[in-house]
1. Out of G239, G249, which single residue is in the same structural domain as F288 (by TED's automatic domain parsing), at pLDDT below 85, in contact with a helix residue (DSSP H, G or I) (Cβ under 7 Å, 6 or more places away or on another chain) and surrounded by fewer than 17 Cβ atoms within 10 Å (Cβ to Cβ)?
2. Of the conditions (1) modelled with pLDDT under 80; (2) in a helix (DSSP H, G or I); (3) among the polar types (S, T, N, Q), T159 satisfies every one except a single condition; which number is it?
3. Failed condition for A209, given (1) more than 19 Å from the chain's Cα centre (by Cα); (2) hydrophobic (A, V, I, L, M, F, W, C); (3) modelled with pLDDT of 90 or more, with all others met?
4. With respect to F105, is the statement that it is in a helix (DSSP H, G or I) and either modelled with pLDDT of 90 or more or outside the structural domain of A65 (by TED's automatic domain parsing) (or both) true?
5. For A248, only one of the following conditions fails: (1) under 25 Å from G376 (Cβ atoms); (2) part of a helix (DSSP H, G or I); (3) in contact (Cβ under 8 Å) with a residue 24 or more places away in the chain. What is its number?
6. Pairs, please: C-beta under 7 Å, at least 6 apart or cross-chain, first residue touching a residue at least 24 places away in the same chain (Cβ under 8 Å) and in the stretch 287-315, second part of a loop (DSSP other than H, G, I, E, B)?
7. Can you tell me which residue in the stretch 111-130 is surrounded by the fewest Cβ atoms within 10 Å (Cβ to Cβ), limited to those that are over 19 Å from the mean Cα position of the chain (by Cα) and under 21 Å from A24 (Cβ atoms)?
Amino acid sequence: MVLWLTLARCWGAGPFGRFNFLYAYAATWGILFDFGLDLLLTRFVSARGGGIPSSLIRVKAGVLAVGYLLCLATARWAGWAEFPVLAVLAAGVALFSVTTFVNGFLRGMERLDVEAGISLAQKVTFMIPALLGVLYAQQSLAWVAAAYMGSHVLGLMATMAYVWPRPEFRVMGKLAFPLKDSFRASFSFWLISLFTIAGQRLDLFMLQALGTEEQVGLYSAAFRIVEGFVYFQVAFMAGFFPRLVQRAGDDKEFGAIVKRSAGLLFFGGLLVAAINQLCAPVWVPVLFGEEFRASAAALQALGWSLPCLYTSAVLGHALVACGRQRLFMAALLVALLANGGLDRMLIPLWGLRGAVAGFCCREGLLLMLLGTFYLGVRSGRFSGTGRSRGVAF
């Protein structure tokens with residue numbers, strides 16, 4: 001957050017919006033790089049107590065190579081002037097994807113402390129050079145992109161240095177998880193990741209296409225703070241999901257942990273939204289500068305989507321844990337399409353407010369759909385839906 005605030009104040013709304021667009025584009029391709037394999041590996045390790053199927057490693061290598069080339073080819077075809085900056089950012093995203101894959105093993109072994117420590121160190125090694133370059137050497141987009149990639153090189157090296165000597169970190173042969181089943185199972189998780197991240201980035205892309213560069217910068221400033229709030233949910237789910245998988249066979253305990261967790265995150269989201277509503281008009285001009293004052297109203301509105309966003313994460317992961325990932329995928333797709341339609345209608349009329357309205361409506365619709373699907377699974381109405389071969393370990 002400190003870094004994004006500094007970039008906004010030093011660069012202004014135009015360059016800040018341009019960098020956020022490039023970063024969002026690279027991060028969107030990161031969904032293909034991930035391909036849902038980290039979540040699949042977490043499930044595997046949680047159920048087996050260790051090991052990495054060799055088929056998952058082969059799938060990972062393939063999607064990384066294809067995804068990176070497609071990312072650059074699409075940008076080159078579009079003729080963007082910042083192509084070198086994008087190439088470096090995309091390389092950083094690819095390295096981060098490899099680290100996230102290995103972190104799936106750590107999460108399955110419930111070593112979140114190790115992942116958290118390395119992640120914090122990576123962010124520090126990214127932030128310090130980037131800040132120094134921007135503040136004291138007037139460096140621009142290319143310098144920050146290089147600092148980002150370099151920090152992920154160090155993060156991956158540190159992660160491998162920890163897991164490589166561990167006896168649980170072993171490559172398992174074809175009998176553990178065939179390549180065909182690995183691809184089929186990971187494809188569902190990849191679509192879930194794709195629709196999730198696309199939903200978070202869609203409004204930015206639609207503003208880029210239908211609005212102005214200044215509106216992109218104003219929206220980016222507000223959404224960066226919302227992303228900071230989202231980390232509460234991300235941290236909770238990292239510890240919650242392995243335990244949820246372990247209780248998938250106990251219907252009573254499974255339902256209880258989902259109910260308690262959903263309630264905790266919903267009311268926690270309300271608390272965060274209320275604090276944000278009061279403080280946003282004060283801290284946005286202080287943090288980003290007077291040029292971004294219009295971002296305060298956008299931040300207030302986006303904040304009220306957090307209770308829905310937090311609760312949807314619990315219900316979606318609950319569907320995945322009991323093998324109903326296709327229902328999660330369907331809900332995300334419907335919400336994404338609705339978001340796109342609203343953006344297309346509202347951004348030309350309302351500009352920045354139209355993008356905010358599209359995002360908030362998407363989160364509300366997604367929560368209603370996931371709640372309906374989860375209750376349907378619990379009652380047995382969806383008892384035959386969504387379980388893929390090779391997913392239930």
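1. The unique qualifying residue is G239.
2. (1)
3. Among (1) more than 19 Å from the chain's Cα centre (by Cα); (2) hydrophobic (A, V, I, L, M, F, W, C); (3) modelled with pLDDT of 90 or more, the lone unmet condition for A209 is (3).
4. In short, no.
5. Checking A248 against (1) under 25 Å from G376 (Cβ atoms); (2) part of a helix (DSSP H, G or I); (3) in contact (Cβ under 8 Å) with a residue 24 or more places away in the chain, the one that fails is (2).
6. That search, which allows pairs on different chains as well, returns E291/G12.
7. Restricting to residues being over 19 Å from the mean Cα position of the chain (by Cα) and under 21 Å from A24 (Cβ atoms), the top hit is M127.
Residue-by-condition table, conditions (1) surrounded by 21 or more Cβ atoms within 10 Å (Cβ to Cβ); (2) touching a Gly at 6+ places or on another chain (Cβ under 9 Å); (3) assigned by TED's automatic domain parsing to the domain that holds T212; (4) in a helix (DSSP H, G or I):
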{"position": "P307", "(1), (2), (3), (4)": "yes, yes, yes, yes"}
{"position": "T311", "(1), (2), (3), (4)": "yes, yes, yes, yes"}
{"position": "G323", "(1), (2), (3), (4)": "no, yes, yes, no"}
{"position": "P348", "(1), (2), (3), (4)": "no, yes, yes, yes"}
{"position": "R362", "(1), (2), (3), (4)": "yes, yes, yes, yes"}
{"position": "T372", "(1), (2), (3), (4)": "no, no, yes, yes"}
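The values are calculated or read from the model by the stated rules, or taken from the named source; none is laboratory data. This is a predicted model, so every value here is computed, not measured. Reconstructed Cβ throughout: ideal geometry from the backbone, glycine too, with neighbour counts over all protein chains shown.
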